[in-house]
1. Can you give me the number of residues within the stretch 44-73 that are surrounded by 15 or more Cβ atoms within 10 Å (Cβ to Cβ) and not in a strand (DSSP E or B)?
2. Please tell me if ARG55 is basic (Lys, Arg), free of Cβ contacts under 8 Å to residues at least 60 places away in the same chain and more than 19 Å from LEU16 (Cβ to Cβ).
3. Those residues that are modelled with pLDDT under 90 and assigned to a loop (DSSP other than H, G, I, E, B), I need them from the stretch 74-87; list them, please.
4. Would you pick out the residues in the stretch 74-90 that are surrounded by 12 or more Cβ atoms within 10 Å (Cβ to Cβ) and farther than 14 Å from THR54 by Cα?
Amino acid sequence: MPIASSNKYSPYRLELLPSIPAFHRRARRKTSLSKGELVYYGPMPSYYGIGEVTRVLGHYVAVDFRGTGYFGVHEDVFEQQYLIPVPKATIPLL
């Protein structure tokens, strides 16, 4: 079963989110993510879209994307360095 879907539309303006590679200093911040926080996949925001942190398991974070990105992923687990919090000032623009 393929992971990607043919979803070419996102309800969010993902182009407003900057691409931040995992090795960038903003991605390797010391702050940790918490349940309920809105995040996106830093290297390519449009792939997964915007999601809500559902669980934090050590260095790993489970995120519910609800199919908001081009891949149509609903939930996935990432290392924290790949996830970037959505800036509060950007949320109303999305």
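The values are calculated or read from the model by the stated rules, or taken from the named source; none is laboratory data. Worth saying up front: this structure is predicted, and the values here are computed from it rather than measured. Cβ: placed from backbone, ideal geometry, glycine included. Neighbour counts: every protein chain shown.
1. Residues flagged as surrounded by 15 or more Cβ atoms within 10 Å (Cβ to Cβ) and not in a strand (DSSP E or B) within the stretch 44-73 amount to 15.
2. yes
3. Once the filter is applied, which keeps residues that are modelled with pLDDT under 90 and assigned to a loop (DSSP other than H, G, I, E, B), the stretch 74-87 yields only PRO87.
4. Matches in the stretch 74-90: GLN81, TYR82, ILE84, VAL86, PRO87, THR90.
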